[in-house]
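For reference, the structure discussed in these notes is given below.
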Amino acid sequence: GSDLGGITIGFDEDYAALDIDSEVAQAVGEAAAVLRDLGADVKAVRMPPLAALLRNFLRIVGVEALVAHRAWFPARADEYGPSLRGFLEQSQAVTAADLAEVQAEARRFAGAFTKLLTEVDMILCPSWPVPAPEMDADGTVPVVDESGALLKFTAPFNASGNPTLSVPCGFSRDGLPLSLQFVGRPFDEALLIRTGHAYETHGRWFTHTPPID
């Protein structure tokens, strides 16, 4: 159904709009208004601090990638593309102390976010801070994210283990897709799906497809 009465959705407008593309911020803000119209109580919240986690989160990703690739890397490093190979080589320099530090940050965030979710059923935020990037001719996506800014809506919940649901919420002026994200409590996926279904039924962005030459 489309009635979201009784559901409380947290929305940190600063987190959802700071340092992101204006079209994304506008689309997610408009989605918050739609959710209110559907009966949800959209409540202002404040996200826990994220800067330290975002700045160092790729250390965790890199070490996990090294473990996943250890049967082939570095023994077959010359068969890897330059981006992944460079990332794996860089990750070899991560120390046990580095990893422990960022894991501690992840636990601190997880605890604070768990506390936040005692006040609301879920939070609303973008899935990605920019419209979908276009691929180069060779099929790669030219995205550089040294600061972790592009991870601000994904890394925190990878670290905390909370379930998320992303749904389309519009298109940029260039016709590239935009999306929003619901983040809920562990094992509360059914409520995320109910909320996402209600929003998608109302907006029906999923029926819009790009022209294909």
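The values are calculated or read from the model by the stated rules, or taken from the named source; none is laboratory data. What you see is a predicted model; the values in this text were computed from it and never measured. Backbone-built Cβ (ideal geometry, glycine too); neighbour counts: all protein chains shown. Ligands, DNA and RNA are excluded from the accessible area calculation, which covers all protein heavy atoms including side chains. Shrake-Rupley method; radii C 1.70, N 1.55, O 1.52, S 1.80 Å.
Ranked by accessible surface with a 1.4 Å probe, highest first, in what order do Arg36, Arg185, Arg55, Arg70 come? If you can, show how the numbers build up before the last one.
Working: Arg36 115, Arg185 75, Arg55 145, Arg70 180 Å².
From most accessible down to least: Arg70, Arg55, Arg36, Arg185.
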Checklist outcome for this item: Largest first and rounded to whole Å, the semi-axes √(5λ) derived from the alpha carbon gyration tensor of region 146-213 read 24, 19, 7
Checklist entry - Separation of region 165-206 and region 69-119 by C-alpha centroid, Å? => result 28
Checklist outcome for this item: Out of Val24, Phe57, Thr8 - ranked by how far each Cα lies towards the positive end of the dipole of region 1-59, with unit charges on the beta-carbon of charged residues - the top one is Phe57
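Quote the FRET efficiency, to the nearest 0.05, computed for His197 versus Lys43 with a Förster distance R0 of 22 Å and r equal to the Cβ-Cβ distance.
On the way: r = 21 Å, r/R0 = 0.96.
About 0.55, to the nearest 0.05.
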Checklist outcome for this item: Binned at 5 Å from zero, the C-alpha pair distances of region 1-83 give percents of 3, 11, 13, 13, 11, 10, 9, 10, 9, 6, 3, 0
Item to check | Cα-Cα P(r), region 1-140, percent of pairs per 5 Å interval | outcome: 2, 8, 13, 13, 14, 14, 12, 10, 7, 4, 1, 0
Checklist entry - What are the ³J(HN,Hα) values, in whole Hz, obtained from phi via the Karplus relation 6.51 cos²θ - 1.76 cosθ + 1.60 with θ = phi - 60°, for each residue of region 84-99 in sequence order, with x given for Gly and Pro? => result 5, 4, x, 5, 5, 4, 5, 5, 5, 8, 5, 8, 4, 5, 4, 5
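Where the eigenvalues come from the Cα gyration tensor of region 42-96, what are the semi-axes √(5λ) of the equivalent ellipsoid, largest first, in whole Å?
Values: eigenvalues 206, 27, 18 Å².
The three semi-axes for region 42-96 are 32, 12, 9 Å.
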Checklist entry - Whose amide H sits under 5 Å from the amide H of Phe171, counting only residues 5 or more places off or on another chain, with H placed in the peptide plane? => result Leu178
Next on the checklist: Compute, for the chain, the length of the dipole vector about the Cα centre, with Cβ point charges of +1 (Lys, Arg) and -1 (Asp, Glu) only. Units Debye, rounded to 20.
Outcome noted: 680
Checklist outcome for this item: Cα-based Rg/(2.2 N^0.38 Å) for region 174-213, rounded to two decimals, is 1.49
Next on the checklist: At 1.4 Å probe size, what's the solvent-accessible area of Glu101? Round to the nearest 10 Å².
Outcome noted: 100
